[in-house]
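Presented below is the structure to which this report refers.
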Amino acid sequence: MNNNKSELELAHLHEQLRSESVAGNGLINRRHLLGLGLAGAGSLVAGNVLAADASGLVIPAWSKTPGRELSGYGSPSRFAAGVTRLAPQPNAISPGTGASRTPLHLLQGTLTPNSLHFERHHAGIPDIDPAQHRLVLHGMVRQPLAFSYEDLLAYPQVSRTYFLECSGNSGANSAPTAADNSAGGIHGLLSCAEWTGVRLSTLLDEAGVTPEASWITCTGADAASLGRSVPLNKAMEDVIIALYQNGEPIRPEQGYPMRLFVPGWEGNVSVKWLTQIKVTDGPANFRDETSRYTELLPDGRALQFTYPMGVKSVITSPSGQMTLTRRGLHEVTGLAWSGSGAIRRVEISADGGRTWADAHIEENQQALTLTRFRLPWLWEGGEAILQSRATDTAGNVQPARAAWVAMYSPANRYHYNGIQSWAVSAQGEVKNVYA
Ligand code: MTE
């Protein structure tokens, strides 16, 4: 039996839903929708779901014979083989350099599977033997120390869920024309994992930081020798030497056997393949904190050490390059985050920012992690511009694109956190636009 509604029934359901509208162009109050207990809401969402009918029950071939053997390390279904990182062609001039992005528009929830965590390398992925690797802690300390991987495993560890975002993320939207791309393609230098490791403060306390010290400078063991400076107060507050990512040893792409993890701050500071921490009385002014990872201002000056990532959100579905194939109820969903606290509120607009409705987010969001938001939307085949706007617990509100652009030089690509606009055409095509 097919559960498709007649045109008349659908028109009636749409009418009921319209009366539950919370903002222009079809945004619906989620609690009211659930409260209505609309018998037909399911069919509005799913299109042509079949009603359960025992006589129509088919037992498929895979239910009749044992399935494949067990395996040492799992992999996704072959039917989900398209859910991969968005990786560029290999870099011919500078091998191993570049970035692959998390396919945000193909994922749900808030945690990024390790195989889909974005990558940003400046000289490829070193193949480090943990037995040979050392982390040296020196400089303004009473006792310099050298830790092996085994040594670090013996220390007390903590587990924390944090997002990681490259400050170059979403930089495409700072360009004069809107690139035709997906949520992952534009904003996928963003991932979130549970990181487990040793608090840096534990190691600094053991080495004994001397009173004149105020910074640490950290270097990776890759061929880029990527280095970054971190103020000592942040290092003592919540920085960890991450050894595990979502429960397993961190991946080579993420810095195996150990990386610095600096919660809420631009990803570049979380030095991978960490091999050296020097305690100092000032920043080192490494290449990646002078010529790069600084924000160019309209008057030609640049901002340096702008560490926390701004409050931000992006609708991941519908996303650019998708097509809505049916009219009716859709769930608008996406991710919000801030480097200055937790997410307090996410608003959604379907009419290019004229009217806004509060999206549903779970209560008691943790700081410095990803927040999933959702809101039902009745799309009846008209044009729409979908936007989301996040507010964090520090009171920061995500800026409109124009407001962000006005703050910087046209050449600046870092720390973009302007509102993302997805235009939906009458044919259901979704495109990145500047609104
Ligand atoms: N650390 C080293 N040693 N080498 C690098 O190339 N890239 C940095 C940072 N740490 C990098 C590094 C940049 S620019 C970012 S955004 C993050 O690592 C990316 O971390 P991920 O590749 O685990 O996502």
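Read the figures in this text as sums done on the coordinates, not as results from a lab. Because the structure is predicted, anything quoted here is derived from the model rather than measured. Here the Cβ positions follow ideal geometry from the backbone for every residue, glycine too, while neighbour counts run over all protein chains shown.
Restricting segment 285-296 to residues that are surrounded by fewer than 18 Cβ atoms within 10 Å (Cβ to Cβ) and more than 13 Å from the ligand (Cβ to nearest atom) leaves a set whose member that is nearest to Tyr416 (Cα to Cα) is Leu296. How about segment 227-256: which of its residues are in a loop (DSSP other than H, G, I, E, B) and either within 13 Å of the ligand (Cβ to nearest atom) or closer than 25 Å to Gln304 by Cβ (or both)? Asp238, Val239, Asn246, Ile250, Arg251, Gly255, Tyr256 - these are the residues of segment 227-256 that are in a loop (DSSP other than H, G, I, E, B) and either within 13 Å of the ligand (Cβ to nearest atom) or closer than 25 Å to Gln304 by Cβ (or both). One residue stands out in segment 71-123 among those that are at positive phi and in contact (Cβ under 8 Å) with a residue 24 or more places away in the chain: the one that is nearest to the ligand (Cβ to nearest atom), namely Gly96. Per the listing Pro103, Pro76, the residue uniquely farther than 28 Å from Leu153 by Cβ, out of contact with any Pro (no Cβ under 9 Å at 6 or more places or on another chain) and surrounded by 10 or more Cβ atoms within 10 Å (Cβ to Cβ) is Pro103. Residues in segment 173-210 that are of a type in the set (A, V, I, L, M, F, W, C), within 14 Å of the ligand (Cβ to nearest atom) and in contact with a helix residue (DSSP H, G or I) (Cβ under 8 Å, 6 or more places away or on another chain): Leu189, Leu190, Ala193.
Name the one entry in Leu329, Leu368 that is touching a residue at least 24 places away in the same chain (Cβ under 8 Å), on the phi > 0 side of the Ramachandran plot and surrounded by 21 or more Cβ atoms within 10 Å (Cβ to Cβ). Give the derivation first.
On the way: Leu329 fails: on the phi > 0 side of the Ramachandran plot.
Just one listed residue meets the conditions, Leu368.
Screening Ala213, Ala224 for residues that are part of a loop (DSSP other than H, G, I, E, B) and away from the ligand (no atom under 16 Å from the Cβ) leaves exactly one candidate, Ala213. Of the residues making up segment 325-339, those that are assigned to a strand (DSSP E or B) and within 18 Å of Ala183 (Cα to Cα) are His330, Glu331, Val332, Thr333, Gly334, Leu335, Ala336, Trp337. Restricting segment 308-324 to residues that are surrounded by fewer than 19 Cβ atoms within 10 Å (Cβ to Cβ) and in a loop (DSSP other than H, G, I, E, B) leaves a set whose member that is farthest from the ligand (Cβ to nearest atom) is Leu324.
State whether one or more residues within segment 170-193 are part of a strand (DSSP E or B), within 23 Å of Ile250 (Cβ to Cβ) and free of Cβ contacts under 8 Å to residues at least 24 places away in the same chain.
First, the residues of segment 170-193 that are part of a strand (DSSP E or B): 190-193.
Among the residues that remain, those that are also within 23 Å of Ile250 (Cβ to Cβ) are: 190-193.
From what is left, the residues that are free of Cβ contacts under 8 Å to residues at least 24 places away in the same chain are none.
No - not one qualifying residue is present in segment 170-193.
Taking the criterion of being touching a Gly at 6+ places or on another chain (Cβ under 9 Å) and in a loop (DSSP other than H, G, I, E, B), the residues of segment 99-127 that qualify are Thr102, Pro103, Leu107, Phe118, His122, Ala123, Gly124, Ile125, Pro126.
Tally the residues that are of a type in the set (Gly, Ala, Ser) and within 11 Å of the ligand (Cβ to nearest atom), restricting the search to segment 257-282. Steps first, answer last, please.
Within segment 257-282, the first condition is being of a type in the set (Gly, Ala, Ser), and the residues that meet it are 264, 267, 270, 282.
Among the residues that remain, those that are also within 11 Å of the ligand (Cβ to nearest atom) are: 267, 270.
Adding up the residues that qualify gives 2.
What are the pairs, 6+ residues apart or on separate chains, where a residue within segment 227-256 that is under 20 Å from Phe118 (Cα atoms) has its Cβ under 7 Å from a residue that is of a type in the set (Gly, Ala, Ser) and not in a loop (DSSP other than H, G, I, E, B)? Going by the 7 Å Cβ cut-off, the qualifying pairs are Ile240/Gly197; Ile241/Gly197; Ala242/Gly197; Leu243/Gly197; Tyr244/Gly197; Gln245/Ala193; Asn246/Ala193; Ile250/Ala242. Please specify each residue of segment 406-427 satisfying the condition of being outside any strand (DSSP E or B), aliphatic (A, V, I, L, M) and surrounded by fewer than 19 Cβ atoms within 10 Å (Cβ to Cβ). Ala406, Met407, Ala411, Ala426, listed by residue number. If you go through segment 182-217 and pick out every residue that is crowded, with 20+ Cβ neighbours inside 10 Å and over 30 Å from Gln143 (Cβ atoms), you end up with 11.
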